[in-house]
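The values are calculated or read from the model by the stated rules, or taken from the named source; none is laboratory data. Remember, it's a predicted structure, so these values are computed and weren't measured experimentally. Cβ coordinates were reconstructed from backbone atoms using ideal geometry, including for glycine residues, and neighbour counts include every protein chain displayed. Heads up: the accessible areas ignore ligands, DNA and RNA and are worked out on the full protein's heavy atoms, side chains in. Shrake-Rupley method; radii C 1.70, N 1.55, O 1.52, S 1.80 Å.
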Amino acid sequence: MNSYKRLVPGYFAPVNVSWGVENRSCALRVIEGRIECRRPGADANPYLALAALVASAADGIRRGLEPPEPIVGDASARDDLPAVPNSLESALRAFEADGELQRALGEEFSDYYMVSRAWELKAWQQAVSDWERERYERTV
């Protein structure tokens, strides 16, 4: 849940589908012969993130897709680029809608992952934080 809090336009965490050369505001950053995927947070499972990247790249190659021109300047300031999920809820909806990624990761894993993330989301929504207690106890 905390990983999504870093996704703020202008804070160099990618908020849209973008790539660029030496551009820290893009989701994919090409740096002298290597590619940096800047989307996953430090709490992401690196194996799952890499598997999703490889599956997505293979899907694009299979379909003969060509990348757009690289983004120059602040990618987060662009409103013409598709947004990436900015919450666990929106990420779960995107994963549920992506049958190709689910097939690539395997049906059994995908089903388990969706159920476990839905459980996490529900638990978070039902939790009462210290901030809420402090803020609202004065109004009751």
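Observations, loosely collected:
- Residue check, residue 57 open to solvent by less than 80 Å² (accessible area, probe 1.4 Å) and either out of contact with any Gly (no Cβ under 8 Å at 6 or more places or on another chain) or aliphatic (A, V, I, L, M) (or both): yes
- Members of segment 49-77 found to be assigned to a loop (DSSP other than H, G, I, E, B) and at negative phi, listed by number: 63, 65, 66, 67, 68, 69, 70, 71, 72, 74
- Restricting 97, 57, 49, 77 to residues that are without any contact (Cβ under 8 Å) to a residue 24 or more places away in the chain and more than 19 Å from residue 116 (Cβ to Cβ) narrows the list to 57.
- When segment 1-27 is limited to residues that are at pLDDT 95 or above and outside any loop (DSSP other than H, G, I, E, B), the one that is farthest from residue 69 (Cα to Cα) turns out to be 16.
Matching residues to (1) of a type in the set (A, V, I, L, M); (2) touching a Gly at 6+ places or on another chain (Cβ under 9 Å); (3) more than 23 Å from residue 53 (Cα to Cα):
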site: 77; (1), (2), (3): yes, yes, yes
site: 81; (1), (2), (3): yes, no, no
site: 89; (1), (2), (3): no, no, no
site: 109; (1), (2), (3): no, no, no
site: 116; (1), (2), (3): no, no, no
site: 124; (1), (2), (3): no, no, yes
site: 131; (1), (2), (3): no, no, yes
site: 135; (1), (2), (3): no, no, yes
